[in-house]
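Written below as structure tokens is the structure these notes are about.
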Amino acid sequence: MKRRFVAVLIASVLTASSSMSVLAAEVEEVVSDEKPKTVVETVEEDEALDYQEMDTAEAAENEEVVLSETFSEVDANGLTWKLEGGVMTISGNGVIERNRVFTENDGLREGIISIIIEEGITGIGEAAFHGYRHLEQVSIPNSITKIGIESFGECSNLSNVSIPESVREIEEEAFAMTGLKSISLPDGLEEIKGWTFADCHSLTEVSIPDSVTKIGEGAFNGCGALALISIPKNVTEIGAVAFYYCRDLREITIPESVKSIGDGVFLECTKLQTITFKGDAPGINKDNKYEIAPFDGVTATAYYPSGNPTYTEEVKAAYGSGLTWVAKDMPKMSFTDVNDIDWYYDAADFVFSRGIMTGMTDTEFGPSVKLSRAQFATILYRMEGEPEVAYDPAAFPDVREGQFYTAPAMWAKSTGVISGYEDGRFGPADEITREQMAVMMYRYANMLGLDTSAEGDMSGFPDAGRISPFAEREVSWTVGEGLIKGDGGNVNPQGTAERAQCATIIMRFMEGYGL
């Protein structure tokens, strides 16, 4: 099992050398009685492996994929397996078990690039599709409630899986060592079990529902490309080495619900810059066997609630020696129009806790209120830290001194983030359109020196032709970066933006770029 393999690897590395280097030949002896595994080696930064290229090379191995094979049978459980043109269709009632025909016949197994599981199937059993290396996509029906241990393990080309809401249980290593790039877990799932997505080297984004209360040991171990993840507000426990060597992760927030974190939970997340603890200091689960500080190998700023007595010097030291601790006020939202079940709750909490967006009043956030150009300029100005600027009456003829938006407008003009209308006006009270927001965000990103080369596929939006010429590149960038994901299937460029939508875009922008 992968969990045993990595446990031995980490333990041996820690006891053998502080440089965290290990020879593959040494590890091979540990797993010599098992089938070969992809080794997640911990190396110095300048020697880091390119995991994606390694996976691609291993998956190919110069073998020819035969798509002309056809096959049909009814297995011992009464399920019908039919293979034609690289597509496997499985139908019937019950749980899919590992089919020995494909286990023992490399030619048939290697020719499968797509699997369609039809309604009536209730579960995917242990290692059912383990090692189907040319499998690229799977269609899972709403009748499935459980995905078993190692069911898709080592399917190195599997990049597209949609898990239906009916699934309530995903067992250990279910998607370990696959080619998944993003995954959205179903609402109702309560636990991400151990090593579920371990060594998914192409995985960049994970959506975890609020129903999840536990993230298991090694759940995302070795997901080196994972740059964006949000821990839901109901998670109480994060297991040992859960995010070990997630080297692209830059920011993480530990919600106040988290009471326990495991050894080495963020071990060697070398790009992690900001850690925010929202509640009491979580305990370190000493039932784990690694005896590694949770943030060992991490150099970052750790924010914790001002005046919270649980953050003693002893506790801080136990988390890792590379953390710089800063006390910070952690205001809690108390808006009557924002509930924890609302789709925009996390985004509203994100911008509010950072002082980027405040409420319309002390009790109302105003999620459906249309956003004005003055308000959006103020949001960007706060994101930049509210630098001092001088008032210039020539900047915009309709911006008077002493308004809440005066300094933001002056800053936006001087930096080129906002140029104004053709007649020179700023239009502070005008409701901002989605394409105007895209332009301002694009200019702000360029001002920060961020990579804005992303281009979205606009062919899926029927109203893409309505984008104004001045905003075409900028809107494409927001789609490519995942900042805007459509409005009822449209990009809606001239539509106005609501405060909840704006909060979501700001959160995606800051998390995506690690700001």
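Tabulated data
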read-out	value
Residue check for residue 311: under 20 Å from the mean Cα position of the chain (by Cα) and part of a loop (DSSP other than H, G, I, E, B)	no
Residues within the stretch 404-428 that are closer than 27 Å to residue 515 by Cβ, open to solvent by 60 Å² or more (accessible area, probe 1.4 Å) and in contact (Cβ under 8 Å) with a residue 24 or more places away in the chain, tallied	2
Selection status of residue 220, within 18 Å of residue 158 (Cα to Cα) and modelled with pLDDT of 90 or more	yes
Every residue from the stretch 314-329 that is assigned to a strand (DSSP E or B) and open to solvent by 40 Å² or more (accessible area, probe 1.4 Å)	324, 325, 326, 327, 328
The stretch 155-183: number of residues that are open to solvent by less than 40 Å² (accessible area, probe 1.4 Å), assigned to a loop (DSSP other than H, G, I, E, B) and not polar (S, T, N, Q)	13
Check on residue 284, more than 21 Å from residue 329 (Cα to Cα), open to solvent by 10 Å² or more (accessible area, probe 1.4 Å) and in a strand (DSSP E or B)	yes
Given (1) within 34 Å of the chain's Cα centre (by Cα); (2) in a strand (DSSP E or B), number of the condition residue 98 does not satisfy	(2)
Qualifying positions in the stretch 291-308 - touching a Leu at 6+ places or on another chain (Cβ under 7 Å) and part of a loop (DSSP other than H, G, I, E, B)	292, 295, 296, 297, 298
Residue match in the stretch 242-251 (condition: open to solvent by 10 Å² or more (accessible area, probe 1.4 Å), touching a residue at least 60 places away in the same chain (Cβ under 8 Å) and either of a type in the set (Phe, Trp, Tyr) or in a strand (DSSP E or B) (or both))	yes
Hits in the stretch 106-125 - residues which are more than 29 Å from the chain's Cα centre (by Cα), part of a loop (DSSP other than H, G, I, E, B) and crowded, with 19+ Cβ neighbours inside 10 Å	111
Within the stretch 342-401, considering residues that are closer than 29 Å to residue 232 by Cβ and of a type in the set (Phe, Trp, Tyr), the one modelled with the lowest pLDDT	343
Of the criteria (1) of a type in the set (Ser, Thr, Tyr); (2) out of contact with any His (no Cβ under 8 Å at 6 or more places or on another chain); (3) buried (at least 20 other Cβ atoms within 10 Å of the Cβ), which one residue 151 fails	(2)
Failed condition for residue 368, given (1) open to solvent by 40 Å² or more (accessible area, probe 1.4 Å); (2) among the small types (Gly, Ala, Ser); (3) over 22 Å from residue 434 (Cβ atoms)	(3)
Which numbered condition residue 352 fails, given (1) of a type in the set (Phe, Trp, Tyr); (2) outside any loop (DSSP other than H, G, I, E, B); (3) within 22 Å of residue 265 (Cβ to Cβ)	(3)
Among residues of the stretch 372-406, those that are outside any loop (DSSP other than H, G, I, E, B) and under 35 Å from the mean Cα position of the chain (by Cα), counted	12
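The values are calculated or read from the model by the stated rules, or taken from the named source; none is laboratory data. Since this is a predicted model, take the numbers as computed values, not measurements. When we count neighbours, we look across all protein chains shown, and the Cβ atoms used for this are built from the backbone with ideal geometry, even at glycine. These area figures cover heavy atoms from the full protein model, side chains too; ligands, DNA and RNA do not enter into them. Shrake-Rupley method; radii C 1.70, N 1.55, O 1.52, S 1.80 Å.
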